[in-house]
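Since every read-out is calculated from the coordinates, none of them should be taken as a lab result. Everything numeric in this text was worked out from a predicted model, so none of it was measured. A quick note on method: Cβ atoms are made from the backbone with ideal geometry, for glycine too, and the neighbour counts reach across all protein chains shown.
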């Protein structure tokens, strides 16, 4: 694997220096900038693989920057911020970020996340044999090997929530419809138990929520294939 080029956008000089130093010593090509203007200059000078982005920046806010960067399919985006309210986290996920981390986060974990995001961005494109076909009307999920999994009502809502998220990620405190029902952790556990014999596409984002890493397609009766 080629050296990962990571740009840290953080206005706290100490944290920026510590993070850049740790990433560089972990084998990455890492540099740091302090705001959106410096980010644009760095983007014009170098092709970056992953951006680690603070939200509370001077000048242009980090969410605005994230939305600008979201159109780059070849660029990974990790939000690293002190904003921990639910509405902030949802806005971060919806901005196009692959991961939303709330400070403080161990440097080792940030480095692991950067590597994981890079692998996700550069993974092999899906083939017909790797697609998870979700039929919400029928409450069915057809796994890549063709096995049909029958879904409960809440499992259907859960898969729909994954599909509706641009990055196939949902927060841990997600509410499905208006019913109390089982806790999301319990629902995830039950669905993963159903899917595990055929693969395990659901990944835990520790402290944040869950991601569906498989190629999930939502299909209707009118586009059966």
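Quick look at the values:
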quantity: Expected 222 nm ellipticity per residue - DSSP helices of 4 or more, -39500 (n - 2.57), all of the chain, to 500; calculated: -10500 deg cm²/dmol
quantity: Degrees between helix 36-45 axis and first principal axis of the chain (Cα, 0 to 90, nearest 10); calculated: 90
quantity: Relative exposure of 117, 105, judged by other C-beta atoms within 10 Å (fewest first); calculated: 105, 117
quantity: Cα-based helix-to-principal-axis angle, 107-121 vs the chain, degrees rounded to 10; calculated: 60
quantity: Spherically averaged projected area in nm², based on the convex hull that wraps the Cα atoms of the stretch 53-104; calculated: 3.3
quantity: Span per principal axis, largest first, for the Cα atoms of the stretch 5-121 (Å); calculated: 35, 30, 29
quantity: Angle between the chain longest axis and helix 184-195 axis [Cα atoms, degrees, rounded to 10]; calculated: 60
quantity: Global form of the chain, assessed from the alpha-carbon gyration tensor, a/c cut-off 1.5; calculated: prolate
